[in-house]
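Heads up, the thing below is written out as structure tokens.
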Amino acid sequence: MEKKAIDWSNLGFSYMETEKRFVSNYKDGKWDAGLLTDNANVVINECAGVLQYAQTCFEGLKAYTTEDGHIVMFRPDLNAKRMADSAKRLMMPAFPEERFLEAVHKVVEANKAFVPPYGSGATLYIRPYMFGSNPVIGVKPADEYQFRVFTTPVGPYFKGGAKPITIRVCDYDRAAPHGTGHVKAGLNYAMSLYAIMEAHSQGYDENMYLDAATRTKVEETGGANFIFITKDQKLVTPKSSTILPSITRRSLMYVAEHYLGMEVEEREVYFDEVKEFAECGLCGTAAVISPVGKVVDHGKEICFPSGMDEMGPVTKKLYDTLTGIQMGHIEAPEGWIHRVC
Ligand SMILES: *Cc1c(COP(=O)(O)O)cnc(C)c1O
């Protein structure tokens, strides 16, 4: 198979149209068989539910080439399950989990010329999503939906090594108790745009959101969960019903415990404790872990001992182990690696 002539190591995180995408429509109470298509455009009615009332959810995962030349995906079954949970909360019919797996598999296979080669640091980003597609003007769930999966090659998240970032404690809230913070809804991102642009304009890379009810506990950022490392090398991660359950974070918890013999605590984390931690990282599919060097709370700085030059040592071990599992250098737990071809 000929790879596309793409400068893999200089790709950024932006959309590039690839050859095939999967589309399935839900109508009269059922999903159709679906198909792969060349058409990258969606045509929907002006009054479609997604356009009026934001009835949409999405997923994000990656396919990449392992050292021995296979194209694989990392734990896509968890994306399938999470998307079904998101759909349910948004009154959308879930796309069956086994069909989700089949769809992402097929789309990656059909676009394998766009899967970056091993060693480039780049990956093929996979975006499954669904939305209410028929006209809805009175507020209610749509009757018809479209499920789609497209792919786009994306560059290495960190060019020239992972530099620790600076984040601020945010005055806006991401998710209310009993709201939609735990599902991957587009609406959670729409309302975070104001806060992230403001953070950027003030020179911060990300927002640390606190719990909306008491503003005393750490939640997450706009699109990544927190992990903290204590001075005695425990992994601590916030527990909250309004955090999006990151697959990367859940995998890191497993890796910490079962591969690195660390103690792992998923519990409420008070902001007051943050200054006591030795290391801090943000986890998500895009970067795996972004190290955080500094948290600024209205002018008060918390500087982690790991500093602003490189990832903390424990974070680095976690990062190397998880990416080693993904790339096939380290044996993966049963079922974590889905081989496409
Ligand atoms: C997608 C997402 C994450 C990261 O989840 P992964 O499964 O690790 O990619 C974290 N927080 C939010 C709000 C998200 O939408």
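The values are calculated or read from the model by the stated rules, or taken from the named source; none is laboratory data. Everything quoted here is computed from the prediction, not taken from an experiment. All Cβ positions, glycine included, derive from the backbone under ideal geometry; neighbour counts span all protein chains shown. These accessible areas exclude ligands, DNA and RNA; they are computed on the full protein's heavy atoms, side chains included. Shrake-Rupley method; radii C 1.70, N 1.55, O 1.52, S 1.80 Å.
Brief remarks follow.
- Here MET83 fits the description: touching a residue at least 60 places away in the same chain (Cβ under 8 Å), open to solvent by less than 20 Å² (accessible area, probe 1.4 Å) and in contact with a Cys (Cβ under 7 Å, 6 or more places away or on another chain).
- Within the stretch 195-236, tally of residues that are of a type in the set (Gly, Ala, Ser) and in contact with a helix residue (DSSP H, G or I) (Cβ under 6 Å, 6 or more places away or on another chain): 1
- Which listed residue is out of contact with any helix residue (DSSP H, G or I) (no Cβ under 7 Å at 6 or more places or on another chain) and within 17 Å of TYR270 (Cβ to Cβ), from SER240, SER246: SER240
- Residues located in the stretch 220-245, provided they are acidic (Asp, Glu) and more than 12 Å from the ligand (Cβ to nearest atom): ASP232
- Pairs with Cβ under 8 Å, 6+ apart, first in the stretch 285-296 and near the ligand (Cβ under 9 Å from one of its atoms), second among the basic types (Lys, Arg) and open to solvent by 10 Å² or more (accessible area, probe 1.4 Å): THR285/LYS62
- The residues listed here are ASP77, ASP68; of these, the one that is within 14 Å of the ligand (Cβ to nearest atom), touching a residue at least 40 places away in the same chain (Cβ under 8 Å) and either outside the structural domain of PRO116 (by TED's automatic domain parsing) or not in a strand (DSSP E or B) (or both) is ASP77.
- The set of residues from the stretch 81-111 being closer than 26 Å to THR323 by Cβ and within 12 Å of the ligand (Cβ to nearest atom) comprises LYS81, ARG82, MET83.
- Qualifying residue in the stretch 112-133 (condition: at pLDDT 95 or above, within 16 Å of the ligand (Cβ to nearest atom), assigned to a helix (DSSP H, G or I) and surrounded by fewer than 19 Cβ atoms within 10 Å (Cβ to Cβ)): no
- Of all residues in the stretch 272-284 being more than 15 Å from the ligand (Cβ to nearest atom) and among the aliphatic types (A, V, I, L, M), the one that is most open to solvent (accessible area, probe 1.4 Å): ALA278
- Strands (runs of 3 or more DSSP E) fully within the stretch 165-271 counting 1 or more residues that are open to solvent by 10 Å² or more (accessible area, probe 1.4 Å): 165-169, 206-208, 264-267
- Residues in the stretch 1-33 that are in a loop (DSSP other than H, G, I, E, B) and in contact with a Phe, Trp or Tyr (Cβ under 6 Å, 6 or more places away or on another chain): LYS4, THR18.
- Residue match in the stretch 48-70 (condition: of a type in the set (Lys, Arg) and under 30 Å from GLY138 (Cβ atoms)): no
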